[in-house]
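First up is the structure itself, then whatever we jot down about it.
What follows draws every value from the coordinates through simple rules; no lab data is involved. The shown structure was predicted, so the numbers you read here are calculated from the model rather than taken from an experiment. Cβ placement follows ideal geometry from the backbone for every residue including glycine, while neighbour counts extend to all protein chains displayed.
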């Protein structure tokens, strides 16, 4: 196991198409100045050029900043900063003065990064999914996307990774544990590298893990969660929900959690044991909650009563932020006019009740189910829903929609700072596995 310092993002923005030559460039660099990329990489940082928006993303220990070539105006850790000298271009490379870099690093140290976490869901595929390897046709998982995202998340220095369900195909006849166990084993093997590279994976149950397809009396079929599938989930996931030895090794300390804190039968229309399907914990002043959005007997519903009590208790403890992870989205992203509600909003009143709890506690909800990326603030409120159901399953949007990220394999990385600032960035790549792009980024306090 490796305990690593979290890294955050520093972006160099070259004013639109400046890096293509629109900004005045210097013929030569000053003798005392330094090339930005080489300097960052020599310090074990990483540099990523994004041609879509003309940014260079640089990962440095502890903070983020945005600079503009040709000007001293900058933003470091979300605050305006006037640089001692403007960055400039020489033959397509960015140069800065040593004093400018020292100034940025000092500003970063003034508000250190506490930790970063990433989130995505939905890597399962079926035999009709095109362009799969023979391996993935057997195991029904998009291993190419899963493995690439692992490398990207590890490189971003996240210390936690929340996978928001549908990591297996499931839907076996009569909740066949033999088939499910094999699929779980393959997925667990794929993500084992996270743990060995300093990232703790927290699993979230999805409908493909807990539901079966059954025949109804009228001869039709229906997807229904079963107690047997919930038991199989526990048999395959209990060891990481939560292993305090590993949290100590990976996160540098144990998380604070109560293994008896989960929705009980008789509340929220719960009829079965929900242990290890719903759980919550605190880490460095931040609260994390995982919910099962398809409990047996109450499919497509969140445990609203339990969630409210859990978030109330977290608020009483004085946590700064709360993040909730579930599989089904509260509100479906309608990327075109044909889309119908397919998440918790299949029961609009129940979805609204769930969202009221999220909004009342100023929480952020990460989810999947819809195989697409989208961020929104439902009901005109301040709380965010971040759909990242784009972890390898067939795209929800079968055809281009005019929004490039609707057909990207995408994930979100969140960074939490000592002063309470929270930054969420989304990254993705297309189905041709082209360069990774920065899709969007925003501070929770400022909006997007």
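Annotations
- Degrees, to the nearest 10: 143-155 long Cα axis against longest axis of the chain: 50
- Tilt relative to the chain, helix 98-109 - C-alpha long axis, 0 to 90 degrees, to 10: 30
- Length-normalised contact order for region 104-250 - Cα pairs under 8 Å, 6+ apart - percent: 23
- Degrees, to the nearest 10: 348-360 long Cα axis against longest axis of the chain: 40
- Relative contact order (%) - region 331-388, alpha-carbon pairs under 8 angstrom, separation at least six: 28
- Listed candidates (1) 25.3, 92; (2) 22.5, 82; (3) 22.3, 65 - label of the one calculated as Rg and Dmax of the Cα atoms in Å: (2)
- The peptide list 148-154, 276-282, put in order of mean Cβ contacts within 10 Å with the highest first, becomes 276-282, 148-154.
- Take every pair of alpha-carbon atoms less than 8 Å apart whose residues are at least six positions apart; their mean separation over the length of the chain yields a relative contact order of 13 percent.
- Of the two radii for region 277-372, the radius of gyration is 0.99 times the Kirkwood radius, both from the alpha carbons; that is the Rg over Rh value.
- Estimated from helices alone, the mean residue ellipticity of the chain at 222 nm is -7500 deg cm²/dmol (sum of -39500 (n - 2.57) over DSSP H runs with n ≥ 4, per residue).
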